[in-house]
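Just so it is clear, none of the values below were taken in a lab; they were calculated from the coordinates. In this text, all values refer to a predicted model and were calculated from it rather than measured experimentally. Every residue, glycine as well, gets a Cβ built from its backbone with ideal geometry; the counts of neighbours run over all protein chains shown.
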Amino acid sequence: MTDFHSVTKAVVPAAGLGTRFLPATKATPKEMLPIVDKPAIQYVVEEAVSAGLLDVLMVTGKNKRSIEDHFDRAIELEDVLEAKGDDERLSKVREPADLATLHYVRQGEPRGLGHAVLCAKQHVGDHPFACLLGDDLIDQRDELLKRMIEVRQTHGGSVIALMEVPQEQVSLYGCAAIEPTSDDDVVRVTDLVEKPPADEAPSNWAIIGRYVLDPAVFEVLENTGPGRGGEIQLTDALRTLAGRGEDEGGPVHGVLFRGRRYDTGDKLEYLRTVVKFAADRPDLGPDFLPWLKEFLASR
Ligand code: UTP
C-alpha cells in the first residue's frame, strides 16, 4: 500500500537563467559549474540519496543537455578508460548514472522558482516531497534534509530551512516570522516575505534552498500570481500555507540550520566554496593549502 505520509521523491529545480554568473552560464546551467571536479548538482543529488530519496526529478530549462548527459552513461568514454585499465576514473564516470532514478521535466520559460516546482506536480502526485535547489550546497557532514523529513513526520504540513544572516543581508533572501516550539531547532513559521528591505524584515532568519513540501503547495501555486520580480514565488505559496490548518495543507515549520551552506550561484560564494572543498580534499589539500598560504602572504 502507498504511504501518503512518507517522503520518497526529490525535486531539483535547475531551470533558472543564472544571470549572476554570465557569461559562464550562457550555454551551461549554473548547476553544472564544477566545485573542484564535480558539478554542483551532483553534490545535491548525492545529498537527496543520502537522505533516502532515490527518485529525483530535475526541472530543467533550455540548456538541459549537459545535465542529462552528466547523469547518463557515457559508453565511448567508459570503453576508452576500460581499455586503459583506469578503474578509478571509470568508477567516477559511472557514479552519477548509478546514484538514483532520475526523471526530467522541462520548464518552458523561467517564470520563477514557484513555477518550477509546479512543473513537478504530475510526477509527484499526492505525496509530500523534498525540494533541493540545484545551486545550493549543504555540507554532507550536516544532515539537514533528514531532520526536515523528521519534522514533517512529526508536525505534518511543510518544512523550510532557515539560516541566520546579518541584518544587512536579509534583503537578499526570503525571510520568516517565527515562534518557538518545544524543540530548540524547530520553529513555527507565522509569516514569510521575499527579499524584504532590512528595516521591514520580520527576522534575520533567511530561507535557504531546502524544502519538504506538502502536495497542497501545487493547488496554492496554481492560484499564486507573479510576485516580486514578476516571478511566481515559492515563498508566496508557503506564506499562504503558513496561515492554514493541517486539514488544508498547513502549517509551515522551520528547521534552524547552523551548519555549513554554500550558495554556488553567487560568484564570491562560488569561489569560497571551491577553495574550501579543495582544502578539505585529501588528494588536493596537502598541496593546495601551502600554495594558498604562500599566495596570501605575497599579496
Ligand atoms: P535563483 O533565483 O538563484 O536562480 O533560483 P536564477 O534566476 O537562475 O539566478 P540569477 O539571479 O539569475 O543568477 C534558485 C533556484 O531555482 C531555480 C534555479 O535554477 C535555482 O536552482 N529556478 C529559478 C528555476 O528552476 N526556474 C526559475 O524560473 C527560476
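Computed values, structure above
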quantity	calculated
Cα Rg, Dmax, the range 233-299, angstrom units	20.6, 62
Those chymotrypsin sites (Phe, Trp or Tyr not before Pro) in the range 1-53 that DSSP places in a loop and that have at most 13 other beta carbons within 10 Å	Phe4
Separation between Cα centres of the range 265-291 and the range 55-85, rounded to whole Å	25 Å
Cα point-scatterer Debye curve for the chain, base-10 log of I(q)/I(0) at q = 0.12, 0.15 Å⁻¹	-0.81, -1.23
Counted charge near Leu221, where neighbours are those whose Cβ lies closer than 13 Å (Asp, Glu -1; Lys, Arg +1)	-2
Highest average packing first - 78-87, 49-58, 190-199, Cβ atoms within 10 Å	49-58, 190-199, 78-87
Cα centroid separation - the range 104-164 against the range 166-235, whole Å	13 Å
Size of the range 1-107 as Cα extents on the principal axes (Å, biggest first)	48, 42, 22
Cut-off 15 Å between beta-carbons: net charge of the residues surrounding Asp184, Lys and Arg +1, Asp and Glu -1	-2
In the range 1-80, the trypsin sites (Lys or Arg not before Pro) that fall in loop regions by DSSP, at most 16 other Cβ within 10 Å	Lys26, Lys62, Arg73
Listed residue pairs exceeding 25 Å between alpha carbons, taken from Lys146/Lys293; Lys38/Lys84; Lys62/Lys276; Lys9/Lys276	Lys146/Lys293; Lys62/Lys276; Lys9/Lys276
Protection proxy ranking, peptides 291-299, 96-104, 133-141, average beta carbon neighbours within 10 Å, highest first	133-141, 96-104, 291-299
